[in-house]
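First up is the structure itself, then whatever we jot down about it.
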Amino acid sequence: MNIKPDLDNIKDIKKVDAKGMYDLIYNFPQQLTEGAHLGFIADLKVSNFTPQNIILTGMGGSAIGGDLARSYLAYELKVPFSVCRNYLLPEYVNEKSLVFVSSYSGETEETLSAFQEAKRRKAKIIAITSGGTLFQECEKDGFPFILIPKGFPPRAALGYSFTPVLITLSRLGLIQDKIEELEKTSKFLEEKRTEYALEKKKSQNPAKSLAVNLYGKFPIIYTSVDYVDAVGYRWKGQFSENSKILAYNNYFPEFNHNELVGWKVLDQIRDKLIVVILKDKEDHPRIKVRMQIVKNIIQKEKMMVIEIKSQGESLLCRIFSLIQLGDFTSFYLAILNQVDPTPVEVIDYLKKELASKK
């Protein structure tokens, strides 16, 4: 019988974390300011251009930065912003569109396909990549690009995929300058990470405690649809890639009109489910009411509900406070599951199989 690792034993943790995911999560805050610098120094070649719409095309860890930008700017940006996770682009994309092509490796086949589509449509293109075919194509064809550091799993390079989008939009005059807020958020996260550090005992470490509660469970993550919907999606992805478990997320108020009814026939799965509600102080007042009612409904079904409130003053701080907690929690849950959080072998296998069938 396997003995569960002790989250207060640093040697145990480092033995499981053979490839060093902890260091990537711990050092994340600096990506926000470094990514801003990379966005500032890039030759965008699209000055004096006001797009009719903005699309970020990407997959996985390269797309989540677009999701976060869309949510964060939802009530500031006056130009429609969508995220495309596909080989094709929406039909409305044309020469008046701005297309961010985001592929960390520069080799993502869906994104490269969408890139070719954007070229055919004569859209304004800005690539975000660490190299690969995407970088080579941009250099050859003269498309602007923002070159980000190599050597990260894409999900651990979120700051580099998110921040350049903000900087680009501010350089185009579409949003207010965000550099001060990015610097404050980076500093805030540097202070908060001490609460989640390896050295912090489980009894005083919210990320370790949450991981213990989630161990052996199927997490269901609910958020509002306003500012933190992308955070819930990020949590699901981090639990899947880092912790190697299935997870699920959905949003208020939509799931109140269908999925909520499903919290009834639970006898065969009740002991495997746990609900996490991510909350923000700027959630719509009626959504706050819905959250409390839904919590009561689920608890009546004898299910555990954990509520987590964002922290910090600014919206950006609050969004990334939840991301930081989710990242650390997914790491500690991987340790409990005795799996190295870094490798994603089944994705590597899938890509290899796809390549063999071209």
message: So if I check each of Ile277, Ile220, which one is more than 21 Å from Phe162 (Cβ to Cβ), touching a residue at least 40 places away in the same chain (Cβ under 8 Å), part of a strand (DSSP E or B) and touching a helix residue (DSSP H, G or I) at 6+ places or on another chain (Cβ under 8 Å)?
response: Ile277
- prompt: Can you pull out the residues in segment 198-207 that are closer than 14 Å to Asn9 by Cα and loosely packed, with under 14 Cβ neighbours inside 10 Å?
  reply: Glu199, Lys201, Ser203
- line: Requiring at least 3 residues that are among the hydroxyl-bearing types (Ser, Thr, Tyr), the helices (runs of 4 or more DSSP H) wholly within segment 84-200 are 158-171
statement: Over segment 326-346, the set of residues within 17 Å of Gly61 (Cα to Cα) and in contact (Cβ under 8 Å) with a residue 24 or more places away in the chain is Gly326, Asp327, Phe328, Ser330, Phe331, Pro341, Thr342, Pro343, Val344
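Residues are listed down the side, and each one gets a yes or a no for (1) in the same structural domain as Asp43 (by TED's automatic domain parsing); (2) over 30 Å from Val344 (Cα atoms); (3) of a type in the set (A, V, I, L, M, F, W, C):
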residue	(1), (2), (3)
Lys96	yes, yes, no
Ala114	yes, no, yes
Lys124	yes, yes, no
Cys138	yes, no, yes
Phe145	yes, no, yes
Ile148	yes, no, yes
Gly151	yes, no, no
Val165	yes, no, yes
message: Consider segment 21-77. How many of its residues are of a type in the set (Phe, Trp, Tyr), over 21 Å from Ser243 (Cα atoms) and either more than 16 Å from the chain's Cα centre (by Cα) or not assigned by TED's automatic domain parsing to the domain that holds Lys119 (or both)?
response: 3
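The values are calculated or read from the model by the stated rules, or taken from the named source; none is laboratory data. Note that this is a predicted model, so its numbers are computed, not measured. All Cβ positions, even for glycine, are placed from backbone atoms using ideal geometry, and neighbour counts span all protein chains on display.
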